[in-house]
1. For region 157-164, indicate whether the set of residues that are under 28 Å from the mean Cα position of the chain (by Cα), closer than 18 Å to Val186 by Cβ and open to solvent by 40 Å² or more (accessible area, probe 1.4 Å) is non-empty.
2. Do we have any residue at all in region 126-136 that's out of contact with any helix residue (DSSP H, G or I) (no Cβ under 9 Å at 6 or more places or on another chain), part of a strand (DSSP E or B) and surrounded by fewer than 18 Cβ atoms within 10 Å (Cβ to Cβ)?
3. When the residues of region 91-125 are narrowed to those that are open to solvent by 50 Å² or more (accessible area, probe 1.4 Å) and modelled with pLDDT of 85 or more, which ends up farthest from Ser3 (Cα to Cα)?
4. Can you tell me which residues in region 29-67 are surrounded by 11 or more Cβ atoms within 10 Å (Cβ to Cβ), modelled with pLDDT of 85 or more and more than 28 Å from the chain's Cα centre (by Cα)?
5. Among the residues of region 20-44, write down those that are touching a residue at least 60 places away in the same chain (Cβ under 8 Å) and of a type in the set (S, T, N, Q).
6. Only one residue in Glu70, Glu15 is acidic (Asp, Glu), open to solvent by 80 Å² or more (accessible area, probe 1.4 Å) and out of contact with any Phe, Trp or Tyr (no Cβ under 9 Å at 6 or more places or on another chain). Which one?
7. Take Arg10 and decide whether it is part of a helix (DSSP H, G or I), surrounded by 13 or more Cβ atoms within 10 Å (Cβ to Cβ) and basic (Lys, Arg).
Amino acid sequence: MTSERSAYRRVLRRETHSSRTAPAVVTAVVAIVILLVLAVGGVWGLLDPSIPGTAGAWLDRAVPPRNRPEALVIAGAVAAVIGLVLLALAVLPGRRARRARTTERLALLVDDGVLADAVADAVALRCGIDRRQVATTLGRSRVSVRITPTSGIRVDESAAEAAASEAVSALGFTVTPRVHVASTGVVA
């Protein structure tokens, strides 16, 4: 039974988190290329004394001396932002919009959109309003339900909150519902 649980845990982890391999490889390749260019440029500059003068002449043609400080600041800022984005993509865990749970016999994987639709359907049914008047957003530990009532008909927030809790707990997930009823309604 423990081998099944570890297999379930491993499969569910793969399905709820995106792979970080591609950003990690891109980050590593960019770092290696930069290091190789710097190393080759340094060695080449030591072996051929005319390289620094040639590089200076090329730099004078590419960026005039009066614009050089601004160009260097902009280039450095762009490189820093790109580096931070690549590093963040490579290191931070990528969560997918899915939820997982296991029982003794099976593993359950539910997309957040499906869970949000189930909550919206349950709230609309309990409150007696059209399904299009209920918008649901699922967060990591909270479900946010926005209800736009029909004009002249009051919506019971506690009933909507209970319906949202029951819909989520019926699938075995625990999130805290937060219900907001709009102050203006729609014409039926």
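The values are calculated or read from the model by the stated rules, or taken from the named source; none is laboratory data. Source: prediction; values computed, not measured. Positions of Cβ are backbone-derived with ideal geometry, glycine not excepted, and every protein chain shown enters the neighbour counts. These accessible areas exclude ligands, DNA and RNA; they are computed on the full protein's heavy atoms, side chains included. Shrake-Rupley method; radii C 1.70, N 1.55, O 1.52, S 1.80 Å.
1. no
2. no
3. Ranking the candidates gives Leu125 first.
4. If the condition is that a residue be surrounded by 11 or more Cβ atoms within 10 Å (Cβ to Cβ), modelled with pLDDT of 85 or more and more than 28 Å from the chain's Cα centre (by Cα), then Ile34 is the only one that fits.
5. Thr27
6. It is Glu70.
7. So Arg10 fails the test.
Residue by residue, here is whether (1) touching a residue at least 24 places away in the same chain (Cβ under 8 Å); (2) not in a strand (DSSP E or B) holds:
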{"site": "Val143", "(1), (2)": "yes, no"}
{"site": "Arg146", "(1), (2)": "yes, no"}
{"site": "Gly152", "(1), (2)": "yes, yes"}
{"site": "Ser158", "(1), (2)": "no, yes"}
{"site": "Ser165", "(1), (2)": "no, yes"}
{"site": "Val168", "(1), (2)": "yes, yes"}
